[in-house]
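Just below is one structure, and these are the notes that go with it.
The values are calculated or read from the model by the stated rules, or taken from the named source; none is laboratory data. Computed from a prediction, not measured in an experiment: that's the story for all the values here. In this analysis, Cβ positions are derived from the backbone assuming ideal geometry, glycine residues included, and neighbour counts consider all displayed protein chains. Heads up: the accessible areas ignore ligands, DNA and RNA and are worked out on the full protein's heavy atoms, side chains in. Shrake-Rupley method; radii C 1.70, N 1.55, O 1.52, S 1.80 Å.
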Amino acid sequence: MRERIWCSPTQSYLRPLPRRLGVTPRGRSHRLERVLTDFGCEHSFARATQSVREHYGFELGASAVRTATLKHAQRAQEQMEAGYREPFRILPAVGAAQVIAEADGTMICTVEPGPRKGKRPRDWKEMRLVAAQAQDSATTVYGATFGSVGETGQRWGHCARQAGWGLNSRIHAVGDGAEWIQLQCQEVFQSQGVFLCDFYHVSEYLGAAAPACRALQPEAWRRTQQKRLRRGAVPQVLQALEPHLEPDGTAEDQAPVRNAYRYLHNRLDCLDYPGALSRGLPIGSGMIESGHRHVLQARLKKAGTAWLRHHADQIAHLRVLRANRQWESLWN
């Protein structure tokens, strides 16, 4: 479109056409902002410009995609945090009989604000992801934060409530045995929650100890211990480890048997695998591991990517909002 620029006695640069059409130079419509945010939260900003050209036939700079994506990511963060400020313990009388809840952390590469000239030092920060799902449901509710353990627990409670947590529900929590996950399970879900150590994580400890316990057939030894755990014979697993415990004073990285023994012995109340299997509940943390990959890492851990911490937090909220099927609420 060719535009004529006017001048008047009081103004030397007058553009009546944009005003008449209701547009501004370098402005973006609501629909275009949605498109840019859609592409920008899934791909790198440079790659998103290629998607715009491929699907809509025009070009925009990566900075335009970045600006639009971060603008609406901040809106998504504000919208979700407003919901998190509401109490999550106001539960319906009847909910899902079993709610599966999982939590874990992932490391995100961050940089400090400052001039972009030269290489800025990078720092890895833990972002915690929580998830909840009613048993036999395909719908998972997520939450993510760089915040404190208490803040993480609060979001975990909101996820469980949205997934169907009611006064009649039992919460089946699964995690890697980290102390903060166990404590938040007790604090958030209280008497309704039961924590179970992730079977795969326990198996990693047994796999590391296997060569010292049976050098000729370590895999067979590990599988035997896994079968014992599945049927609840935890004392037999500890007895199999005891004769091979390393002497006191052995360095931690040289004492896999002692590490496995201590890990199991300190978590005897979190190893009820036969109980979980009998109720058709998972004994692994596949739900949260899958969530890490497709909710957070697919965008925040691309090769060579480093984020300002508050931008990573905003993008995480935007992707969580989409994963929770609340994308429309950001635009309506």
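Could you work out how much longer the chain between residue 97 and residue 139 gets when fully extended? Use 0.36 nm per residue separation minus the Cα distance between them, nm to one decimal.
In short, 13.6 nm is gained.
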List the lysines whose Cα lies under 19 Å from the Cα of residue 302, skipping any in the same chain that are fewer than 8 positions away.
119, 125
About the Cα centre, charge dipole magnitude for the chain (Lys/Arg +1, Asp/Glu -1 at Cβ), debye:
1820 debye
Compute, for residue 257, the solvent-accessible surface of its heavy atoms (probe 1.4 Å) with the complete set of protein chains present, and express it in square angstrom to the nearest 10.
0 Å²
Once R0 is set to 51 Å, what does the formula 1/(1 + (r/R0)^6) return for the Cβ-Cβ distance between residue 14 and residue 220, expressed as a FRET efficiency to the nearest 0.05?
0.05
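Quick one: of the DSSP bridges fully inside the chain, what percent are antiparallel, nearest 5?
Here the share of antiparallel DSSP bridges comes out near 60 percent.
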Dimensions in Å of the range 1-149 - Rg and Dmax from alpha carbons:
22.9, 76
Which of the helices in the chain meet the span-like rule: DSSP H, Cα axial reach of 27 Å or more, Kyte-Doolittle mean at least 1.0?
none
For the chain, what relative contact order do you get, as a whole percent, if you take Cα pairs closer than 8 Å and at least 6 residues apart?
19 percent
Estimated dipole of the range 1-145 in Debye, rounded to 20 [Cβ of Lys and Arg +1, of Asp and Glu -1, Cα centre]
1180 debye
Can you pull the accessible area of residue 194 for me, 1.4 Å probe, Å² to the nearest 10?
70 Å²
The range 130-224 - percent relative contact order, Cα under 8 Å, separation 6 or more
20 percent
Using a 1.4 angstrom probe with every protein chain in place, what is the largest-first accessible-area order of 117, 71, 301, 125?
117, 71, 301, 125
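What translational diffusion coefficient, in µm²/s and rounded to a whole number, does the Stokes-Einstein relation yield for the range 192-332 at 10 °C and a viscosity of 1.306 mPa s, taking the hydrodynamic radius as the Kirkwood radius over Cα pairs? Show your work: numbers first, answer last.
Numbers: Rh = 18.1 Å.
Approximately 88 µm²/s, per Stokes-Einstein.
Sort 78, 54 by heavy-atom solvent-accessible area, probe 1.4 angstrom, most to least.
Numbers: 78 100, 54 145 Å².
Descending accessible area places them as 54, 78.
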Compute the separation of the alpha-carbon centres of the range 1-73 and the range 309-328 and state it in Å as a whole number.
23 Å
Between residue 123 and residue 310, 0.36 nm times their residue separation minus their Cα-Cα distance comes to what?
66.0 nm
Using a probe of 1.4 angstrom, how much of the accessible area of the chain is carbon and sulfur, in percent?
50 percent
Rounded, prolate or oblate: which fits the range 163-246, taking a ≥ b ≥ c as square roots of the Cα gyration tensor eigenvalues, rounded meaning a/c under 1.5, else prolate when a/b beats b/c?
prolate
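Report the Rg/Rh value for the chain, based on alpha-carbon coordinates and the Kirkwood definition of Rh.
Answer for the chain: 1.12.
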So what does log10 I(q)/I(0) come out to for the range 85-167 at q = 0.11, 0.14 Å⁻¹, using the Debye formula with one equal point on every Cα and no solvent?
-0.41, -0.56
Residue 30 to residue 252: extension gain in nm, 0.36 nm per residue of separation minus the Cα-Cα distance?
74.2 nm
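What shape does the range 15-82 take by its C-alpha gyration tensor, where a ≥ b ≥ c are the square roots of the eigenvalues and a/c under 1.5 counts as rounded, a/b above b/c as prolate, and the rest as oblate? Working shown, then result.
Numbers: a/c = 2.54, a/b = 1.25, b/c = 2.04.
It comes out oblate by the Cα gyration axes.
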